[in-house]
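K.L.:
This structure is in structure tokens; I'll ask about it shortly.
The values are calculated or read from the model by the stated rules, or taken from the named source; none is laboratory data. This one's a predicted model, so the numbers in the text were calculated from it and none came from an experiment. Positions of Cβ are generated from backbone atoms using ideal geometry, with glycine treated the same way; all protein chains shown enter the neighbour counts. The area values use the complete protein model at the heavy-atom level, side chains included, leaving out ligands, DNA and RNA. Shrake-Rupley method; radii C 1.70, N 1.55, O 1.52, S 1.80 Å.
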Amino acid sequence: MFVKKDLRKIPEILADATSRASRVPLAPPSNDCNNDDAETKTNANNDESNTTITELSFARRAPEFLPSKTVSLLLQPHFLPALRNLLRLSLYDCGLETLAGIESGGQLHDKGGADSENDNTNKNEPIFPNLQQLDIGRNPQITNASLPSTFSAQFPSLLEVWCDDCSFGPQISEELLNIHTLHVVRMTKNKLRNSLNTDIGIKHWLDLRVLALDGNQLTEIGEGIGLLEHLEVLHLRQNELREIPEKVPSGRNGRLRMVSLSSNRLEKFPVGLTEVNKIGFGESAVSLREVYLNGNKIQKLPSGVWEESNEDGMN
């Protein structure tokens, strides 16, 4: 579908969103975070000028973020009403170096000037209280140090974070791990290496549905992955994994439908996949249907796996 690009500058778009926010209350958010191509999206279909904007895409607008390479352009006190209403925000490929400033929600309220005198908003309210999807992908200068220490507090409703083609590493930062509401984490082609954070699935990200960590340099993952009861998709292609813990996946991963371990250094068929096969590769409640292991050094499949894999998507 062809979508006409919004040719206005970012301050103009935010000013329009802010003006609408002051006239129309935000409808209750849904949990649908499907990514759309539109630059802006509203929560009603009537008079467009009076609808609240809930989605903003500033993708590929790097020149507008110069020279600071920060998000300060967005974090102006008079834009706060628009930011509070957002459900989805894309900052994809914007040449950003840091997200510092996002943690200063209370300070922004305090700087609101005359308009803030009539604003009953709690000064401690996060800047993005309703945001469900954040895309900061293809900003290769963003690292662990780019996130302020209270970053997670500004996103109490966040379900999806897309960080593909950034430079997070060598481990996932605490600032991201502390976003406990996440369902989808995409961090392909970052700089993660050695052991993946072992507390994922034990202390952090307990509600994950999708974990995509392709194209890093991970050598180990923890057994906590096997505890993620809601996990549906696990992408670990193009890493340096030599083995998978025996309990990954496990019977706790009852909703898991796809595992991709292609192009690693595995020499043995993961034991956990054998166990899943025994308890439900076919007709039981376990939903695993796709397993990708090509590009490894596995010479032999366990007895009985090959026959069932022909039907269920083993590759």
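K.L.:
Ignoring ligands, DNA and RNA, how do Lys297, Lys268, Lys69 rank by accessible area with a 1.4 Å probe, largest first?
P.N.:
Most to least solvent-accessible, the answer reads Lys268, Lys297, Lys69.
K.L.:
Pop out the ³J(HN,Hα) list for segment 72-85 in order, Karplus 6.51 cos²θ - 1.76 cosθ + 1.60 with θ = phi - 60°, rounded to Hz; leave Gly and Pro as x.
P.N.:
4, 4, 7, 8, 9, x, 6, 8, 4, x, 6, 5, 5, 8
K.L.:
At 1.4 Å probe size, put Trp162, Trp205 in order of accessible surface, largest to smallest.
P.N.:
Of Trp162, Trp205, the descending order of accessible area is Trp162, Trp205.
K.L.:
What are the residues whose amide H is under 5 Å from the amide H of Thr54, where those residues sit 5 or more places off or on another chain and H is modelled from the backbone?
P.N.:
The list, which skips near neighbours in sequence, is Lys41, Thr42, Asn43.
K.L.:
In the full protein assembly as shown, how much of Asp165 is accessible to a 1.4 Å probe, in Å² to the nearest 10?
P.N.:
Looks like 50 Å² after rounding.
K.L.:
Starting from the Cα of Ser19, step 7 Å along the direction of its Cβ; do the same at Thr150; then give the gap between the two resulting points in nm.
P.N.:
About 3.3 nm, to one decimal.
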